[in-house]
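The values are calculated or read from the model by the stated rules, or taken from the named source; none is laboratory data. This structure is a prediction, so every number in the text was calculated from the model and none was measured. For neighbour counting, all protein chains shown are included, and Cβ atoms are generated from backbone atoms with ideal geometry for every residue, glycine included. Please note that ligands, DNA and RNA were not included when accessible areas were found on the heavy atoms of the full protein model with its side chains. Shrake-Rupley method; radii C 1.70, N 1.55, O 1.52, S 1.80 Å.
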Amino acid sequence: MCIRDRASSAALDMNGNVTINSNGEFNNVGGGTHTFGGIYWTNNGTYTGTGKIICDRSGTQYIGPSGFHDLEIAGTGSKLLQGDLVLTGDMLVRNTINYLNLQTYSISKPSKSGTFTLEDGEYLYVRGADNFPDSFATYSLGPTSRVYYDGTLDQIIAGNIKYGYLYLDHPTTKTLEGDIEITNWLVIYEPTLDVSSNNYNITIGGYWYNAYSGSFIPRLGEVIFNGSGTQRIYTNNTGSQSFYKLTVNKPSGTVYIQTKDQTIQNNLTIYQGTFSANGYTVTIGGDLLNYGGTIATSGTYLLTSSSSEAKILTNGSTLYHLTINASGTYTLQDDLSLNGNFNLEAGTFNGNGKTVNFGNGYDAVNIAGTYQVGPGGKMAISYNSTVKVDTTGILYVVGTPGSTAVVTHQTGVYDFQVNGTIHAKYYLFEYMNTSGIMINSSAHIDTADNFSYGSFTNGAAGGTYLRVENEDTLTIYNVSFPDNPGGGAYNVTKVTATKGKLTFQEAQGVFAGEDFDNDPNDLIDWPTPVTLTWTGAVSSDWYTADNWSASVGPNKVPTGNEDVIIATATNQPIIDSSGAKTKNLTINSGAILTITASDSIDLTINGNLTINGNFTMNSNDTVKITGNWSRGSGGTFSHGNGTV
């Protein structure tokens, strides 16, 4: 038998069951819209043509295996498949029904076309191994629609679908077939959600709710939170709960860690929106990157990367606690601020010349790994906080001649204890408490970066700038103590150690010298200034270090802190550019000093000038002298119309 609809306007209202027998045909050649109000649709024959069938019973309906062009699931009650469906057009599931249950049956199409629509608030149950409606060109699932993958066997979750709510149930494995987007919540009851070996991504706009007994296998996939309001991450205490990459890219609102500590195996990245640890510990195995959003001041971030190129970028956010326990290196990309504690348990923290503001009062900075301040970098310690370099810790406060590394305060004073190794060169230490920089007996001062070429200032009244109680023997050059804190303060203290000689060569400032140290065991020396004698071993260039011989320490170009002697030599010195400096300057008999720079102040003498040889200037040369000018009986001076 063949039922044929030849007119597109014809409408057939089938209020009872429909059975198409094996030799029967329902031919909707006219493309009409027909309603089915019975309980059972059974098709053992053929459905052909175009048009639409609307299942609109007010009650439960069972749809057996059949072909359709357009199919609309409407009416009320529950609708269940009892066989596979093949469509050539669209499928629409109205939100007037209780739910559509596919059971284990499929809805497929011979070619990729048409639209599958699940209206807002409607429920779709998928219980087969891989039977989400397939091969539609377009999927339109309402933001509040709900899809349940709740089969009792392992299931494939259809990919490249934008779900409303997505629910996973039963203790089986649910594996992604492709990237998915979830407008609202993802709820995992008992299953394991696996992003597959293809490392598919999940974009979610609502809650991540894995608070029952489910697991998540992230592999190398990314989870992106993009909702416009509050989003929360709920996890449980069983199975795998970690993410691989977690990204926040939301126009507004906050993503909160909600129930327990969370692990992110690779990067945490924020483009916009706010991420909050919410008082929990977030372990990050890769980078912590905030490009344009906010990291809330809450909880602890534990960084564990093994990479030598891991990065921290906070974009002006203030963290609470930060712990680094890594086998690699974390490098700052911008300034960092903390309101809590900093713990460097292992690995390297490269400050990269940035400013790190530690704490907001009574906080701890513990260094058991390697901390590098970097040229131009700054450690700014909060009031009454403590910096402690543990026995395994290494601290580099090492700058360059033009870019100092700084340890300072935010407000008030702080405690600074070294039990491990410290490197300090081209530095500034200031605003310590009365203990100063405390080098304890277990500590080691690097022999090269040994506090040379640095400065101590703004100390505490009655305290000390530097206290060294280990047994290192060091010669330390060019340390400046520009101010006296008063109250009987000391520049350098060494009272309990009975070994380890400290020699401060060329120390500068009103607070430098023997008169201000605390040295009952006579282990701190302040020798007379270095004398540099001209040899001309290489050339006539004043600014070449190998043309000078130092009385103590390495050969170097005069800096203004050394007495300088111009001795006779094959190559006599010529100053051909401005900026030459000496302390006391003596030109020996038979020696010649010539200035040809003709710009600015060519030679500054921070002391006396004694001419026993020949001193020659040229037009436009300038010499500045702070002490006495004297010329011996054999000495000559040719001013050349220069200025003194």
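Quick look at the numbers
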read-out: Members of region 514-541 found to be in a loop (DSSP other than H, G, I, E, B), open to solvent by 10 Å² or more (accessible area, probe 1.4 Å), at pLDDT 90 or above and not hydrophobic (A, V, I, L, M, F, W, C), listed by number; value: D517, D519, P520, N521, D522, T535, S539, S540
read-out: Options E345, E309; residue that is farther than 25 Å from F225 by Cα, open to solvent by 50 Å² or more (accessible area, probe 1.4 Å), over 15 Å from the mean Cα position of the chain (by Cα) and of a type in the set (D, E); value: E345
read-out: Condition met for Y256 (surrounded by 20 or more Cβ atoms within 10 Å (Cβ to Cβ) and either without any contact (Cβ under 8 Å) to a residue 24 or more places away in the chain or in a strand (DSSP E or B) (or both)); value: yes
read-out: Test result for L246, under 24 Å from F132 (Cβ atoms) and either without any contact (Cβ under 8 Å) to a residue 40 or more places away in the chain or touching a helix residue (DSSP H, G or I) at 6+ places or on another chain (Cβ under 8 Å) (or both); value: no
read-out: Members of region 426-454 found to be closer than 15 Å to M379 by Cα, open to solvent by 20 Å² or more (accessible area, probe 1.4 Å) and in a strand (DSSP E or B), listed by number; value: L428, E430
read-out: Residue that is farthest from E222 (Cα to Cα) [pool: residues in region 281-295 that are surrounded by fewer than 18 Cβ atoms within 10 Å (Cβ to Cβ) and not β-branched (V, I, T)]; value: G292
read-out: Test result for V468, under 37 Å from the mean Cα position of the chain (by Cα) and under 19 Å from G420 (Cβ atoms); value: yes
read-out: In region 71-117, residue least open to solvent (accessible area, probe 1.4 Å) [restricted to those that are of a type in the set (F, W, Y) and either in a strand (DSSP E or B) or out of contact with any strand residue (DSSP E or B) (no Cβ under 6 Å at 6 or more places or on another chain) (or both)]; value: F116
read-out: Residues satisfying the stated conditions in region 30-44, i.e. in a loop (DSSP other than H, G, I, E, B) and either open to solvent by 50 Å² or more (accessible area, probe 1.4 Å) or in contact with a helix residue (DSSP H, G or I) (Cβ under 9 Å, 6 or more places away or on another chain) (or both); value: I39, N44
read-out: Condition met for G316 (open to solvent by 10 Å² or more (accessible area, probe 1.4 Å), modelled with pLDDT under 95 and either closer than 28 Å to Y271 by Cβ or not hydroxyl-bearing (S, T, Y) (or both)); value: no
read-out: G347 being within 28 Å of L474 (Cβ to Cβ) and not β-branched (V, I, T); value: no
read-out: Residue within region 376-386 that is crowded, with 18+ Cβ neighbours inside 10 Å and more than 23 Å from N339 (Cα to Cα) present; value: no
read-out: Selection status of W629, modelled with pLDDT of 90 or more and within 50 Å of the chain's Cα centre (by Cα); value: no
read-out: Leading residue by the ranking (nearest to V373 (Cα to Cα)) among those in region 405-419 that are open to solvent by 20 Å² or more (accessible area, probe 1.4 Å) and out of contact with any Lys or Arg (no Cβ under 6 Å at 6 or more places or on another chain); value: H409
